Amino acid sequence: MNQVRKPKNKKARKLNYEEAFNLGRLCSYKYWELRKEYYVEDLMRTEELENLKSLRSWREYV
């Protein structure tokens, strides 16, 4: 295996299986927490749009 460049961090090492698995698990927690936040924001936007639609239709009938 050829080395492209020398590593900047001399103490760096490859992750073993357990460390890589744990890192992936923690990243997935973070992903789903962010996804929940975006889902709530999207839900609030759709509710606001529905309210605006109902206001428009109410004005048409008056």
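Only the coordinates and a few stated rules stand behind these numbers; no lab work does. Quick caveat, the model's predicted, so the values are computed rather than measured.
Along its principal axes, segment 5-45 has C-alpha extents of 50, 23, 12 angstrom, given from the largest down. Extension gain, Asp42 to Phe21: 0.36 nm times the residue separation minus the Cα-Cα distance gives 4.4 nm.
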